Every structure is written in structure tokens, then in C-alpha cells.
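The values are calculated or read from the model by the stated rules, or taken from the named source; none is laboratory data. On a predicted model such as this, the values are computed, not experimentally measured, just so you know. So basically every Cβ, Gly included, is an ideal-geometry build from the backbone, and we count neighbours across all protein chains shown. To get the accessible areas, we keep the full protein, side chains included, count just its heavy atoms, and leave off ligands, DNA and RNA. Shrake-Rupley method; radii C 1.70, N 1.55, O 1.52, S 1.80 Å.
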Amino acid sequence: MPGGRLTQQERQQIAVGLADGLAYAEIARRLDRPTSTITREVTRNGGPTGYRADLAHRATERRAHRRRQTAPGGAQAPAQPYGRDAEAVRDYQETLTTVFMTSGLPKMMARVLGCLYTTDTGSLTASELAQRLQVSPASISKAITFLVNLELVRRERDERRRERYVVDDDLWYQSTIRSVQDNVQFVETARQGVAVLGSGTPAANRLENAARFLDFVSEGLIRAAEQAREILYTRTETASDGTAEPSSDHG
């Protein structure tokens, strides 16, 4: 049943697969499950070296029990627009959170980002985030500061002067440029090291090779980001005569 929840037997097969050194994709293929399901399951339950089937199964049951307890209040499963299945949306949000965690984000930051990306408005206040994620305002504040510094989220004021936290299309461009800036800083520092360690020495060569690699990659990233921003964010508007004409809108 690829669409159902993992059984205890499947979790035991995951543990065996991890012990045998199998990749997540291979474990997923053997279980006829999406790779993302295996990735999320392992990430949430100790990682590839700490995964235990019985502990993972009990943890899942505890989470399900907590959801049933909080469901009457509606905090964990708010009414969904467009006829969406609330439980399916919640499960997808957890999957997206796991992907963010796998890419390197701490758990709370990943949860906040996953929550924002699964809202139609793309923006929530701190109190709305705290309510949806059932965490303290202090946890939200810390996560938002982290995400804003990485330029994965931006702050803005709404008409009621409340601070809202926003994700939109342009943030991926800004995040890419930020990554390039970090690369440039490393390149400059690496080349300082070449001078200190002596040009031509093994250590200096290592740093110089890293600098050259990142120089090349950074140039490509900037070109790709500019091109993607121009192409992907160009929207088609209908002209007054009924024909369609492209117009670029980066806002």
C-alpha cells in the first residue's frame, strides 16, 4: 500500500536495508514506496546510523495519539481551502520539512519554512506560526531570525502594522546570490592562504584548486540565477484587445 502509513514490518525492512548499506532509493524500491517517504522516516527517527524500527514505530504512534488529542481544537488540522485533504496537507508539510532538514536546516527552521510554503498567502505572523506548529513564540522568533539571515524568509508589515514573515519567488534568487557571496569570501580567504603557505606547496595548491573551482561555479550560478529570474518570473498578462503579452514582474 504505497499510499498508506508505514507498518512495523516495513520499518524493520528499512532497518535491515540501512544495516546493509542500501541507499534510500533502493530501500524505497523494495518496499514500493516513494524515496521521500524513506528519507523522512529515517531523518525523523535517528538518522541512518541511529534508526531503530521498534523505536520509530512507537514514536509514530505517539505522534498520531497527540494529533487525535488536539484534533478537536483544530490547531493541528485547520480547515483547508480548495477541497484539500487536511491530513494529506499535514503529511506533505512534514515531508517538505524533512527535505529542508536533509539540505542542512535545523529542525525548527525547517518546520517554519515548510509551514510558510504550504500556505496560499505565503505569509504568516509569529502567532499564526506558533499556533500552527504548536510551539512557543520564542522558538518562532529564533527560527525566523535564522531564516531571515539566510534570506530564505523576509519580514514585512501588514495593514494592521503586524509583522508578517513571507516566502515568495524572488527569495530563491536572493538566497542563490547570498550563496555566491559566501563562495567569494572563501575564494578570497583561500588565496590569502596561498600567499601564506607558499605558492606551489601541496597545501597552497589545495586552496588554489578550491578557489578556482568556486570561482567557476559562482560565475555559472550568477548567470543561471539571472536567467532563471528573467524567464521563470515573466508572467503573461492579457492585453486590452484580448491578446496575451509578456511582462516581467519581479516584485
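Per-residue surface analysis assigns R44 an accessible area of about 80 Å², computed on protein heavy atoms at 1.4 Å probe radius. Within the stretch 130-181, the GluC sites (Glu not before Pro) that combine a DSSP coil assignment with at most 10 other C-beta atoms in a 10 angstrom radius are E159. Which FRET efficiency value, to the nearest 0.05, do you get for E87 and D170 by plugging their Cβ-Cβ distance into 1/(1 + (r/R0)^6) with R0 = 35 Å? With a Förster radius of 35 Å, E is 0.65.
Could you please state how large a percent of the accessible area of the stretch 90-185 is carbon and sulfur, counting protein chains only and using a 1.4 Å probe? List each step's numbers first, then the result.
Working: 2470 of 5000 Å².
With neighbouring chains kept in place, the figure for the stretch 90-185 is 49 percent.
Only protein heavy atoms count here; under a 1.4 Å probe, Y117 has an accessible surface of about 80 Å².
Overall, the anisotropy analysis places the stretch 113-212 in the prolate class: the square-rooted eigenvalues a ≥ b ≥ c of its C-alpha gyration tensor yield a/c not less than 1.5, with a/b exceeding b/c.
Kirkwood radius, the stretch 173-216, all distinct C-alpha pairs, inverse of mean reciprocal distance: 10.7 Å. Heavy-atom accessible area with a 1.4 Å probe sorts R212, R33, R229, largest first, into R212, R229, R33. Each residue was assigned an accessible area with a 1.4 Å probe, and for S199 the value is about 110 Å². Only the Cβ atoms of Lys and Arg (+1) and of Asp and Glu (-1) were treated as charged; on that basis the dipole of the stretch 139-212 about its Cα centre amounts to roughly 260 debye.
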